[in-house]
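The next block holds one structure in the form of structure tokens; read it before the comments.
The values are calculated or read from the model by the stated rules, or taken from the named source; none is laboratory data. This structure is a prediction, so every number in the text was calculated from the model and none was measured. Positions of Cβ are backbone-derived with ideal geometry, glycine not excepted, and every protein chain shown enters the neighbour counts.
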Amino acid sequence: MLIKSKNVNDFCKLAKKQYNLIIKYLLYQLNPFKAVYQFNESTKKIELKCEYNNVFDIARFGFIRLIVENTDLNKDIPVLTCANCGDYVVRHSSRTIYCQKKECQNFRNRIKQEKSKQKSAN
């Protein structure tokens, strides 16, 4: 399931091709919890009610909502994996692809310098 690539663009292309598989795998890895749909008379909408046993269930539910509500690849997905280490990252900008770890930022800067050198060489 791990996607390995030295090139960020290749990684993004592979991730987009395998997006459905990645989402199915991620949802499989999250422990299931009880959920019930209820009709709210005052708002006239169907609502999802969940049974929480601990704080991890609350966090899991929030994380699943981030995934489910942003499944369109044309939208910005607020939670993604770092292109270097694979840890989850909360996107604060449309350009975010790396986490804030020092080694990931060093990797990002190295890639940036290589692209700059290639541009100046052309």
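Summary of values
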{"read-out": "Considering residues of the range 68-122 that are small (Gly, Ala, Ser) and closer than 23 Å to LYS17 by Cβ only, the residue modelled with the lowest pLDDT", "value": "SER94"}
{"read-out": "Subset of the range 76-122 [touching a Ser or Thr at 6+ places or on another chain (Cβ under 7 Å) and not in a loop (DSSP other than H, G, I, E, B)]", "value": "TYR88, VAL89"}
{"read-out": "Hits in the range 41-67 - residues which are in a helix (DSSP H, G or I), touching a strand residue (DSSP E or B) at 6+ places or on another chain (Cβ under 6 Å) and modelled with pLDDT of 70 or more", "value": "PHE61"}
{"read-out": "Residue that is modelled with the lowest pLDDT, among those in the range 3-40 that are assigned to a loop (DSSP other than H, G, I, E, B) and surrounded by fewer than 10 Cβ atoms within 10 Å (Cβ to Cβ)", "value": "LYS4"}
